[in-house]
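Reviewing the structure listed below.
The values are calculated or read from the model by the stated rules, or taken from the named source; none is laboratory data. Given the structure is predicted, the values throughout are model-derived calculations rather than measurements. Every residue, glycine as well, gets a Cβ built from its backbone with ideal geometry; the counts of neighbours run over all protein chains shown.
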Amino acid sequence: MNGQDILKALYDETLVGNAPRVLELTAQGLESGLGPDALLFEALIPSLEEVGARFERGDFFVPEMLIAGRAMSGALDVLRPLLADTGAETVGTFLMGTVKGDVHDIGKNLVNIMLEGAGFQVIDLGVQVSPEKFIAAIEEHKPDIVGFSAFLTTTMPMFKANMNALEKAGLRDKVIVMVGGAPVTQEYADAVGADGYAADASTAVRRAKDLIARKRAAAVPA
Ligand code: B1M
């Protein structure tokens with residue numbers, strides 16, 4: 001199989017959630033010289049987008065989404081060290097979690113991988129993270145940035161609940177807040193009072209670096 005055949009097969013097998021075959025094709029793609037980013041952006045992510053489109057049309061149901069998601073996660077485990085291994089120095093600490101009520105984590109994990117690759121120390125609180133758990137972790141780890149991920153229109157309001165919890169705990173001006181996830185927009189991020197938003201993982205890295213640089217520059221006395 002040439003590179004294009006491997007990408008096509010990887011797309012198809014992710015779509016039907018054939019996890020063992022997805023792992024084989026990921027390994028085969030790397031051996032054939034395809035980069036981890038090509039496997040990710042030209043096969044795995046487009047395939048999950050198609051899964052979502054089929055779910056919306058009623059052609060796929062939750063089990064199909066679940067097995068496709070698992071197949072993608074298996075491939076991400078293989079790609080993680082390759083995407084993250086850039087030898088960059090630590091540029092800041094990023095505390096990340098998917099908000100309460102939401103179990104989606106593939107997108108969040110991908111952002112984490114890219115952040116690690118760019119030199120961030122990432123503390124991942126996992127999924128279904130309550131405002132109380134975010135607050136306790138911010139107090140413990142004192143991150144530069146806290147990131148809230150939400151993937152459902154019904155869980156996006158947890159951003160505001162988290163912001164209120166930050167205010168109440170007296171932590172709002174001590175930490176930069178970033179938000180993201182499939183249904184989130186810049187307008188929504190502005191409406192909840194977040195400092196930053198990004199639509200995808202690589203933009204999230206650029207935005208995070210930029211926000212930290214600005215905060216550090218503002219802290220330096222003139
Ligand atoms: Co669900 N799901 N799901 N799902 N699922 C979506 C999100 C949906 C869009 C599908 C659809 O209808 N087209 C839809 C949400 C509709 C909406 O609210 N607008 C949906 C639904 C409805 C549901 C359930 C309610 C279904 C049901 O039970 N009836 C249910 C909810 C469960 C819950 O959370 N309480 C549910 C369940 C699931 C599974 C468990 C089966 C599985 C999750 C597996 C897992 O994550 N471990 C699943 C999956 C796989 C999907 C789709 C198909 C794929 C999500 C994904 O991984 N995308 C998804 C459809 C879709 O998105 N196309 C869908 C790939 C990923 C790389 O992209 O997640 O967007 P994304 O992440 C991006 C950016 O958002 C950004 O960077 C990432 C990388 O580029 N980003 C950030 C993410 N976090 C960021 C944080 C940042 C900055 C950027 O700063 C902090």
Please specify each residue of the stretch 111-131 satisfying the condition of being closer than 12 Å to Gly97 by Cα and either in contact with a helix residue (DSSP H, G or I) (Cβ under 7 Å, 6 or more places away or on another chain) or in contact (Cβ under 8 Å) with a residue 60 or more places away in the chain (or both).
-> Val111, Val122, Ile123, Asp124, Leu125, Pro131
Return yes when Phe55 is in contact with a helix residue (DSSP H, G or I) (Cβ under 7 Å, 6 or more places away or on another chain), assigned to a helix (DSSP H, G or I), without any contact (Cβ under 8 Å) to a residue 24 or more places away in the chain and surrounded by 15 or more Cβ atoms within 10 Å (Cβ to Cβ) and no when it is not.
-> yes
For Ala213, are the conditions met, namely being part of a helix (DSSP H, G or I), closer than 26 Å to Gly119 by Cβ and out of contact with any Lys or Arg (no Cβ under 8 Å at 6 or more places or on another chain)?
-> yes
Report the residue count in the stretch 82-100 for those that are at pLDDT below 90 and either under 25 Å from Pro157 (Cβ atoms) or surrounded by fewer than 17 Cβ atoms within 10 Å (Cβ to Cβ) (or both).
-> 7
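Here is a yes/no grid of residues against (1) surrounded by fewer than 17 Cβ atoms within 10 Å (Cβ to Cβ); (2) outside the structural domain of Phe41 (by TED's automatic domain parsing):
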residue: Val62; (1), (2): yes, no
residue: Met65; (1), (2): no, no
residue: Arg80; (1), (2): no, no
residue: Asp102; (1), (2): no, yes
residue: Gly107; (1), (2): no, yes
residue: Val111; (1), (2): no, yes
residue: Phe120; (1), (2): no, yes
residue: Asp124; (1), (2): no, yes
residue: Gln128; (1), (2): yes, yes
Tell me which residues, restricted to the stretch 180-209, are of a type in the set (Gly, Ala, Ser), more than 7 Å from the ligand (Cβ to nearest atom) and in a helix (DSSP H, G or I).
-> Ala189, Ala191, Ser202, Ala208
